[in-house]
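Q: Below you'll find the structure I mean.
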């Protein structure tokens, strides 16, 4: 994977932990060291050994040189260099060279008993795994998610899918897009789902706040990286446009490149005293915040780069706490939230519609409870983790010849 561990990738940690619990032997290879101080409790339970490849080749030149020399003698070296050269001609960047160097290191250092490679994300991590698989003759597969689907060139996705045994992705929209670039049987829909055993039951009740009391304002929360595709600039505009008789507070959890500009936007809009940017938080802190909130908001949209969300796990995490949700009718979100049933959906990029939805739902505690209850019910019945893990376990066991064993408690 690209980086491990990462707080924003609880869905990957959940998958690894569940597969370990079913008796599969795993190793983790990461292109980057962690950049966050906090570590999710799930990552602390994962037993797999972690190996970090050199993020920049000049940082570990001897390791890269050993990998290159070893690779020269491999049967797959010629095919690897041909694939690399085709890639480099179409994308003449240092990034391409870096991925080849990382693949040399990975191919040399992979233990002999590693039989199959599986990569999360179809962009740069899959380039490394593809080259390493060509060098060593191993099979490989992938999980595609969001940015890697929508910002990777079609030629690159198509070629990688042609060489991989199979792939999975987490939204119908993503499956349809990738199937159009390959044969339909290469791609399978696999929702991440949630392991509800890791979450407390929703609160039995919430205060019936309606925004009328300045001493007890409506509590609005969002969790997500401060990047363009999350639409937080629209949310700041929507909050600033709320009527003066509605009393509210907003808390945002997450890091990201746009944090400074969002803080400035809130300051210029005159709402900085009601907006808190809390930075990255570990899962227990996020759950505590969700349990105390009245509304969860995620205004996702398509970024100028083409990047977009899949089905954000934070939507399901909010549902796990019976929290009313306002989001955009975009990407994979409507596959889980149906407007007026499990939440309220507004058009992406429409801050006025978002502001109106916030205003109306903030004043209706009974409607919030109905939507939150429905979201939790849908999560429990249709979006559990087990279906996706069952499919992955079956495929991995078929590849490595393991017999199914009784799952271990996690």
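The values are calculated or read from the model by the stated rules, or taken from the named source; none is laboratory data. Since the model is a prediction, treat every value here as computed from it, not as a measurement. So basically every Cβ, Gly included, is an ideal-geometry build from the backbone, and we count neighbours across all protein chains shown.
Q: Residue 264 - would you say it is outside the structural domain of residue 147 (by TED's automatic domain parsing), buried (at least 17 other Cβ atoms within 10 Å of the Cβ) and part of a helix (DSSP H, G or I)?
A: No: the conditions fail for residue 264.
Q: If you check residue 105 against the conditions, is it within 30 Å of residue 8 (Cα to Cα), in contact with a helix residue (DSSP H, G or I) (Cβ under 7 Å, 6 or more places away or on another chain) and assigned to a helix (DSSP H, G or I)? Lay out the reasoning, then the answer.
A: Values: within 30 Å of residue 8 (Cα to Cα): yes; in contact with a helix residue (DSSP H, G or I) (Cβ under 7 Å, 6 or more places away or on another chain): yes; assigned to a helix (DSSP H, G or I): yes.
Spelling it out, residue 105 is indeed within 30 Å of residue 8 (Cα to Cα), in contact with a helix residue (DSSP H, G or I) (Cβ under 7 Å, 6 or more places away or on another chain) and assigned to a helix (DSSP H, G or I).
Q: Sticking with this one: Checking the structure you have, find out if any residue of segment 248-260 is closer than 22 Å to residue 343 by Cβ, in contact (Cβ under 8 Å) with a residue 12 or more places away in the chain and either surrounded by fewer than 19 Cβ atoms within 10 Å (Cβ to Cβ) or in the same structural domain as residue 43 (by TED's automatic domain parsing) (or both).
A: The answer is yes; a qualifying residue exists.
Conditions (1) out of contact with any strand residue (DSSP E or B) (no Cβ under 9 Å at 6 or more places or on another chain); (2) at pLDDT 95 or above; (3) part of a strand (DSSP E or B), marked per residue:
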position: 345; (1), (2), (3): no, yes, yes
position: 357; (1), (2), (3): no, yes, no
position: 360; (1), (2), (3): no, yes, no
position: 368; (1), (2), (3): no, yes, no
position: 371; (1), (2), (3): no, yes, no
position: 403; (1), (2), (3): yes, no, no
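Q: In addition: If you take the residues in segment 26-48 that are under 16 Å from residue 389 (Cβ atoms) and in contact (Cβ under 8 Å) with a residue 60 or more places away in the chain, which one is surrounded by the most Cβ atoms within 10 Å (Cβ to Cβ)?
A: 42
Q: With the structure loaded, tell me whether residue 97 is assigned to a helix (DSSP H, G or I), free of Cβ contacts under 8 Å to residues at least 24 places away in the same chain, farther than 24 Å from residue 400 by Cα and assigned by TED's automatic domain parsing to the domain that holds residue 51 or whether it fails that test.
A: no
Q: Continuing with this model, one more query. Test residue 226 against the criterion of being assigned to a loop (DSSP other than H, G, I, E, B) and either farther than 24 Å from residue 316 by Cα or more than 21 Å from the chain's Cα centre (by Cα) (or both), and give yes or no.
A: Spelling it out, it is not the case that residue 226 is assigned to a loop (DSSP other than H, G, I, E, B) and either farther than 24 Å from residue 316 by Cα or more than 21 Å from the chain's Cα centre (by Cα) (or both).
Q: Just one of the numbered conditions (1) under 27 Å from residue 82 (Cα atoms); (2) surrounded by fewer than 17 Cβ atoms within 10 Å (Cβ to Cβ) is not true of residue 157; which one?
A: With respect to (1) under 27 Å from residue 82 (Cα atoms); (2) surrounded by fewer than 17 Cβ atoms within 10 Å (Cβ to Cβ), residue 157 is out only on (2).
Q: Next up: Hey, does segment 305-317 have a residue that's over 25 Å from residue 192 (Cβ atoms) and in the same structural domain as residue 212 (by TED's automatic domain parsing)?
A: No: zero hits.
Q: Do we have residue 16 as under 26 Å from residue 401 (Cβ atoms) and in contact with a strand residue (DSSP E or B) (Cβ under 6 Å, 6 or more places away or on another chain) here?
A: no
Q: Next up: Exactly one condition in (1) in contact with a strand residue (DSSP E or B) (Cβ under 9 Å, 6 or more places away or on another chain); (2) closer than 20 Å to residue 225 by Cβ; (3) crowded, with 23+ Cβ neighbours inside 10 Å is false for residue 308; which is it?
A: (1)
Q: Quick test of your reading of the structure: residue 55 fulfils all but one of (1) within 25 Å of the chain's Cα centre (by Cα); (2) under 29 Å from residue 153 (Cβ atoms); (3) outside any loop (DSSP other than H, G, I, E, B). Name the failing condition by number.
A: Every condition holds for residue 55 apart from (3).
Q: Same structure, new question: Checking residue 175 against (1) assigned to a helix (DSSP H, G or I); (2) under 30 Å from residue 62 (Cβ atoms); (3) free of Cβ contacts under 8 Å to residues at least 40 places away in the same chain; (4) touching a strand residue (DSSP E or B) at 6+ places or on another chain (Cβ under 6 Å), only one condition comes out false. Which one?
A: If we test residue 175 against (1) assigned to a helix (DSSP H, G or I); (2) under 30 Å from residue 62 (Cβ atoms); (3) free of Cβ contacts under 8 Å to residues at least 40 places away in the same chain; (4) touching a strand residue (DSSP E or B) at 6+ places or on another chain (Cβ under 6 Å), just (2) comes out false.
Q: Name the residues in segment 160-172 that are in contact with a strand residue (DSSP E or B) (Cβ under 8 Å, 6 or more places away or on another chain) and surrounded by fewer than 20 Cβ atoms within 10 Å (Cβ to Cβ), would you?
A: Here is the first cut: in segment 160-172, the residues in contact with a strand residue (DSSP E or B) (Cβ under 8 Å, 6 or more places away or on another chain) are 160-161, 163-172.
Residues satisfying the conditions are 163, 165, 166, 172.
Condition check ((1) in a loop (DSSP other than H, G, I, E, B); (2) modelled with pLDDT of 95 or more; (3) within 30 Å of residue 359 (Cβ to Cβ)) across all residues:
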residue	(1), (2), (3)
132	no, yes, no
135	no, yes, no
185	no, no, no
205	yes, no, yes
214	yes, yes, yes
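Q: List, please: which pairs have Cβ atoms under 7 Å, are six or more places apart or on different chains, and start with a residue in segment 72-91 that is surrounded by 15 or more Cβ atoms within 10 Å (Cβ to Cβ) and end with one that is outside any helix (DSSP H, G or I) and modelled with pLDDT of 95 or more?
A: As it stands, the answer is 76/137, since those pairs meet every condition given.
Q: What residue, among those in segment 341-368 that are within 26 Å of the chain's Cα centre (by Cα) and without any contact (Cβ under 8 Å) to a residue 24 or more places away in the chain, is nearest to residue 297 (Cα to Cα)?
A: For segment 341-368, the residue satisfying everything is 345.
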